[in-house]
Amino acid sequence: MNLGKVIGTVVSTRKEPSMDGLKLMLVRYVDSEGKETGGHVVAADAVGAGPDELVLVASGSSARQTAATDKKPVDAVIMAIVDSWDIDGTVKYKK
Amino acid sequence: MNLGKVIGTVVSTRKEPSMDGLKLMLVRYVDSEGKETGGHVVAADAVGAGPDELVLVASGSSARQTAATDKKPVDAVIMAIVDSWDIDGTVKYKK
Amino acid sequence: MNLGKVIGTVVSTRKEPSMDGLKLMLVRYVDSEGKETGGHVVAADAVGAGPDELVLVASGSSARQTAATDKKPVDAVIMAIVDSWDIDGTVKYKK
Amino acid sequence: MNLGKVIGTVVSTRKEPSMDGLKLMLVRYVDSEGKETGGHVVAADAVGAGPDELVLVASGSSARQTAATDKKPVDAVIMAIVDSWDIDGTVKYKK
Amino acid sequence: MNLGKVIGTVVSTRKEPSMDGLKLMLVRYVDSEGKETGGHVVAADAVGAGPDELVLVASGSSARQTAATDKKPVDAVIMAIVDSWDIDGTVKYKK
């Protein structure tokens, strides 16, 4: 999975019908220090993430392994909201 | 999913038979500001996208999770036409 | 899918048995202007592509969605020969 | 698979329910000399890896092929702890 | 698939049980001229490849489509040993 920060939302009305009701978030990837890397992805939200939250994004077929995304044309999903992470015993991020 | 802009179409007559009738679009990826990144992909169209429209492209096995692409050798699909997106509460694109 | 140009063939006799009879082509990727990008891939040929032809390559699990590649350890397949493509209404390539 | 070094852990309480009990490790990729490459990934731990251990990470749908990760929205898994590797007959790393 | 050269082996005793007996090779990718690109991957060996041999590596879910790797957490497999390849009619490599 990749660490990312929710920075916005994407709205679409004309879409594959199975996408109805799925919330699409714009997520900017962050590195292990929490700094934005410049890359981004549009991910379906399976956990009720909000703006500025740090999240985990699963990609590929694994993005369809949530109740919200099963059998949908979704290649990225927010499947966890990050509370904290540490590196070498030092807390790098805490919500 | 990735944000992209439909810039053209690709025509092929000699192809895997299951591809018959599937429209193939040339899509240039755009960043979260809507600027073209230089990268492109040829994506099957599942939603009737037209030239210059901003779209979402799903890749990998998820590209086969639409009625149009099921069980076809397609690794990228346009599965939504973008109406708008915002970053930090500011509208970055509106159709 | 990605646009590519068939530049050669790869020969292997010692291989997974299911690969028997499958033709393996060396494909150089081209950008949306038709210029080679430097990247390449070895792709199974599902459509009878020949040297110098412009083709579409599908990657990942979608590469197994052809009659020729079903259930084989193949992560890239030529599934269409390109006749032409256009960008913003201008023909960029015509066979 | 990719070689990596376990450098930390990621904690999340609000997540897809199937993720409960799964340990998430922060892994920095290393090159074939064992030097960190700068890239990282958050991987589920299927083998009880600890801090500073060199591990193998499997990505994509293959990350779900362990008892710990089956049918979960996980796109990276630690599926082996590395004892050693050699290049051209020279041991490059030994635990 | 990608062209690569077998440069070493990786040993692991603590691993997902399904990995038992599977040989793991360190493979350096080569370009279409046969020059090493700097990138590498750890791939399961399905065909009995030896040191310095040029091989084809299949990645992703396709890496599980061999007798040796079926249902295992393996995202890269050596599924062919390369005898030769040519570009524009010129032999670039011959075993």
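What pairs from D:Lys5/D:Lys35; D:Lys5/D:Lys72; B:Lys15/E:Lys92 go past 19 Å between their alpha carbons? Mind showing how you got there, number by number?
Details: D:Lys5/D:Lys35 10 Å; D:Lys5/D:Lys72 23 Å; B:Lys15/E:Lys92 29 Å.
The pairs that break the limit, which is 19 Å between Cα atoms, are D:Lys5/D:Lys72; B:Lys15/E:Lys92.
Explain nothing, just the number: dipole magnitude of the protein assembly as shown about its Cα centre with +1 on each Lys and Arg Cβ and -1 on each Asp and Glu Cβ, in debye rounded to the nearest 20.
The calculated dipole for the protein assembly as shown is roughly 600 debye.
What relative contact order, as a whole-number percentage, does chain D give when Cα pairs under 8 Å and 6 or more residues apart are counted?
It rounds to 27 percent for chain D.
Mind putting a number on the dipole of chain B about its Cα centre? Charges go on the C-beta only, +1 for Lys and Arg and -1 for Asp and Glu, and I need it in Debye to the nearest 20.
With Lys and Arg at +1 and Asp and Glu at -1, about 280 debye.
Where the convex hull is taken over the Cα atoms of region E:2-94, what is its projected area averaged over directions, in nm²?
6.1
Excluding ligands, DNA and RNA, what is the accessible area buried between chains B and C, summed over both sides, using a 1.4 Å probe, to the nearest 100 Å²?
Buried area between the two chains comes out at roughly 2200 Å².
Roughly how much of D:Lys71 is accessible, in Å² to the nearest 10, using a 1.4 Å probe?
Number for this one is 140 Å².
Which residues of region C:28-71 bury at least 30 Å² of accessible area once all protein chains are present, versus their chain alone (1.4 Å probe)?
For region C:28-71, once contacts with the other chains are taken into account, C:Arg28, C:Ser32, C:His40, C:Val42, C:Val47, C:Leu56, C:Ser61, C:Ser62, C:Arg64, C:Gln65 lose 30 Å² or more.
Taking the label point as lying 7 angstrom from Cα along the Cα-to-Cβ axis, what are the distances from A:Thr37 to the corresponding position in the remaining copies, in ascending order and in nanometres?
1.1, 1.1, 1.8, 1.8
Label-to-label distances across copies for A:Gly48, with labels 7 Å out along Cα→Cβ, in nm, shortest first?
When each copy's label point is compared with this one, the spacings are 3.6, 3.6, 5.8, 5.8 nm.
To the nearest 20 debye, what charge dipole does region E:47-95 have about its Cα centre, counting +1 at the Cβ of each Lys and Arg and -1 at the Cβ of each Asp and Glu?
180
Provide the solvent-accessible area of B:Val77, counting protein heavy atoms only and rolling a 1.4 Å probe, rounded to the nearest 10 Å².
0
Just to confirm the numbers: C:Val91, label point 7 angstrom along the Cα-Cβ line, distances to the other copies in nm, shortest first?
List, nearest first: 4.1, 4.1, 6.6, 6.6 nm.
Could you rank E:Glu33, E:Glu53 by how accessible they are, 1.4 Å probe, largest area first?
Ranked from most to least accessible, the order is E:Glu33, E:Glu53.
Scan around E:Ser12 for amide H atoms under 5 Å from its own, H built in the peptide plane at 1.01 Å from N, and keep only partners 5 or more places away or cross-chain.
Those qualifying (amide H under 5 Å, at least 5 residues apart or on another chain) are D:Asp83.
If you average the C-alpha positions of region E:1-78 and of region A:13-92 separately, how far apart do those two centres end up, in angstrom?
30
The values are calculated or read from the model by the stated rules, or taken from the named source; none is laboratory data. Computed from a predicted structure; not experimentally measured. Cβ sites come from the backbone with ideal geometry, for glycine too, and all protein chains shown count toward neighbours. Accessible surface is based on the protein model in full, side chains and every heavy atom, while ligands, DNA and RNA are left aside. Shrake-Rupley method; radii C 1.70, N 1.55, O 1.52, S 1.80 Å.
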